[in-house]
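Here is the structure we will look at, set down as structure tokens.
No lab work stands behind these numbers, since they all come straight from the coordinates. Just so it is clear, the model here is predicted, and its values are computed rather than measured. Using ideal geometry, Cβ is built from the backbone for each residue, glycine included, and neighbour counts are taken over all protein chains shown.
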Amino acid sequence: MRLRSALLSLDRHWFGGVPATRLAAFRVLLAGFSLFYLGKRVRMFVKVARTDPKLFKPVGVATPLRKPLPVPVVKATIAATLAANVAFAAGYKHRATGPLYSGLLLWTLSYRNSWSMIYHSDNLLVFHALVLGFSPSADALSLDSRRRIPAGLRTSTRSLIAGDRPPDWRYGWPLQLINAVTAASYFLAGVAKVKGPLGWKWADGDSLRKQVAVDGLRKELLGNEGAAPLAYRLYDRVGLLRVLAAGSLAVELLAPVMFPSRRLSKLWAIGALGMHWGILGIMRIKFRYQLSGIAFAPYFDLDRPVAGLIQLARHIKR
Amino acid sequence: MRPVAGKGVPGRARRASRGKRRGATLDPGRASARLLSFVMVTCVLAPLRHNWGKRPVDGFPLSYYPMFSAKREATAKVTYLVGLDGRGDRIKIPYSCAGSGGLNQVRRQIRRAVRRGHSEELCARVAREVRRRKGFKEVVTLQVVTGTYHLDDYFSGRNRQPLKEKLHASVPVEPGRARPGTGAAPTLPSGSAP
């Protein structure tokens, strides 16, 4: 009986109604980030595709490939991903371009990660894009929603948000799924640490110190910039490193526990964002999607700033 | 007869609300959303099993996120590139001279090339790239080495020199052997992977 009531409560949480603009605002943020992220790396992706074929170790959806694709095919795939990304950002023919974009992004990033090293900073971006691509995330703030408005009204700022649709569960569950996937990913990272060779000792400070030191040494010997100055400053402060290690382990392992509560999950999102900025400061490791805050944006009411911006636009227009 | 307070009408209301809830639960749209959500969260959590496996395999985007979970010792080994000038002084050679895709990707590729016995080939290729690049004019010799460093000594500043260093390959950076005008990315030698 208790399980049933817990499931019903989760169901109510999962299908809570939210405005279409909340989901759409996240689509715009993610699409903007992805366009910037991919656009800046086109040359690098092409260079990686020219690496020695013997270093090709396909992962994810690229696994069926026996050998690397010809470079022109890679270039064409990247171009198609960027084009679909633009359509997805604009919310143009979303029923087709949403799944197309998320599928192409999954393919492009799987292929990019198929050369001996998996960059774990790309995983969340792909998961979130998949959910957005297959959900009605272009029912507002999109060209699709604008087309549904009579021609004479299309110049108004109101036309951008397409008729202020009332809160609906159809816009709520994709955001809940995105947040659940985020929480699950952090939980996995936490479990890998405590199930690894160090066990709970991972949180004793010394192991984090060594992780930071090994990473810093590699950067000193092979990188352009070297280790972060904070890596040197914190090296002898095991007590502080213990706090940081325990804190990051708590952020990772407690992610699913926080998830059902709106308030706690917001606090968690702020904690996770802080953790990534800490990692950047100490290790110079850039989880760009997370550092931008966009990965954690679905925990917040994104429709509010959108409404504020629209009000401001109306005010300026007057 | 007057309905008993708290029973008759509220009971009906409760039944109606339960019926409405059941209707929402059975809504086909919600049912597919529920199924999709369940499948996706299960897929994301599926790599958890690798933590109990003998030979865990990481994937993308379904990963068990093994980063930073390895046990580190007091010393660390790194395989890297070293340039030497005419006086024998060392010049740092960044990973980008050996390949594209980020420091850790190239570092792994270098290590793999050395393990597979392709150090000479790697060294020659990087030497050509170094010769082509601006800012490395003084480099006359290029080496591929594996250094063992004591982390405490290195980060406390007591001793930044390696405890030991193994030389895998050393080649002269000859001006005549440079490939002029090739804008192509330097790639690691063929046969450097399993």
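Some values worked out for this structure:
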| quantity | calculated |
| --- | --- |
| Peptide B:27-36 - average C-beta neighbours from other chains (10 Å radius) | 3 |
| Vicinal HN-Hα couplings computed from phi for segment A:78-85 (Karplus, 6.51 cos²θ - 1.76 cosθ + 1.60; Hz; Gly/Pro x) | 5, 4, 5, 4, 5, 5, 5, 4 |
| Rounded tilt (10° steps) of A:94-112 against the dominant C-alpha axis of chain A | 10 |
| Folded to 0 to 90 degrees: helix A:262-283 orientation relative to chain A principal axis, Cα | 50 |
| Mean projected area in nm² (Cα convex hull; one quarter of hull surface) for the protein assembly as shown | 32.5 |
| Inter-part distance where segment A:92-115 and segment B:91-143 are each reduced to a Cα centre, Å | 33 |
| Shielding score for A:12-19, defined as the mean number of other chain Cβ atoms within 10 Å | 2 |
| Exercise: per-residue mean of other protein chain Cβ atoms within 10 Å, B:91-102 | 5 |
